[in-house]
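A short write-up of the structure that comes next.
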Amino acid sequence: MTTWEGTTILSVRKGDQAVIAGDGQVTMGNAVVKANARKVRFLSSGEVLAGFAGATADAFTLLERLESKLEQYAGQLQRACVELAKDWRTDKYLRRLEAMMAVVDKNVSLVLTGVGDVLEPQDGVIGIGSGGNFALAAARALMDSDLSAEEIARKAMKIAGDLCIYTNHSVILEKIIVGGKA
């Protein structure tokens, strides 16, 4: 059975910004079925930003579960993610879901996977999906520059779109202010 896939997500945390960028391409097998999908969402009344890669329906299920955990744990992103990862790994239904998420709030950036991982990158950069490694490498190369998190993410996503056939240039980017700054 061929599944619908969501592709490249990049998160960059630098200075007073945390951003998540996602390309718009959704493929089914080797065909593009949508070029402008929105794979980046605000959760928890705009306090949390999430991007997903993988099977789209699975990702939406996980986003709903994460939203529920954020409500249950009063917006504590790290705690909500750990609890979701526990469920994801142990629940018979959730265990079959094939997706990954990058999530950020004003304090932390995390990657969530279906094998129970909740990882915080040491450099503030996360890349997931088929073009994730291209975007990740490009963003890391730009982190020492004077560019903002948003500028780094846009340039890195362009590079990923140029290199990965499952990533396009229709990028949605959302950002939040970090460190409690308004």
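The values are calculated or read from the model by the stated rules, or taken from the named source; none is laboratory data. Keep in mind it's a predicted model, so treat the numbers as computed, not measured. All Cβ positions, glycine included, derive from the backbone under ideal geometry; neighbour counts span all protein chains shown.
Looking only at the range 23-64, count every residue that is within 11 Å of Thr7 (Cα to Cα) and of a type in the set (S, T, N, Q) and tell me the total.
3
If Ile165 passes every condition in (1) out of contact with any helix residue (DSSP H, G or I) (no Cβ under 9 Å at 6 or more places or on another chain); (2) modelled with pLDDT of 95 or more; (3) not polar (S, T, N, Q) but one, which one does it miss?
Going through (1) out of contact with any helix residue (DSSP H, G or I) (no Cβ under 9 Å at 6 or more places or on another chain); (2) modelled with pLDDT of 95 or more; (3) not polar (S, T, N, Q) one by one, Ile165 breaks only (2).
Of the residues Ala141, Ala74, Ala80, which is of a type in the set (A, V, I, L, M, F, W, C) and surrounded by 16 or more Cβ atoms within 10 Å (Cβ to Cβ)?
Ala80 is the lone residue from the list that is of a type in the set (A, V, I, L, M, F, W, C) and surrounded by 16 or more Cβ atoms within 10 Å (Cβ to Cβ).
Of the residues Leu49, Leu84, Leu10, only one is within 21 Å of Pro121 (Cβ to Cβ) and part of a helix (DSSP H, G or I); which?
The match here is Leu84.
Criterion first (aliphatic (A, V, I, L, M), at pLDDT 90 or above and surrounded by 23 or more Cβ atoms within 10 Å (Cβ to Cβ)) does Ala50 satisfy it?
yes
Listed residues Ala59, Ala55, Ala102, Ala50; which is within 19 Å of Lys155 (Cα to Cα), of a type in the set (Gly, Ala, Ser) and touching a residue at least 40 places away in the same chain (Cβ under 8 Å)?
Answer to the check: Ala102.
Does Leu63 meet the test of being in a helix (DSSP H, G or I), hydrophobic (A, V, I, L, M, F, W, C) and either within 13 Å of the chain's Cα centre (by Cα) or crowded, with 20+ Cβ neighbours inside 10 Å (or both)?
Criteria met by Leu63.
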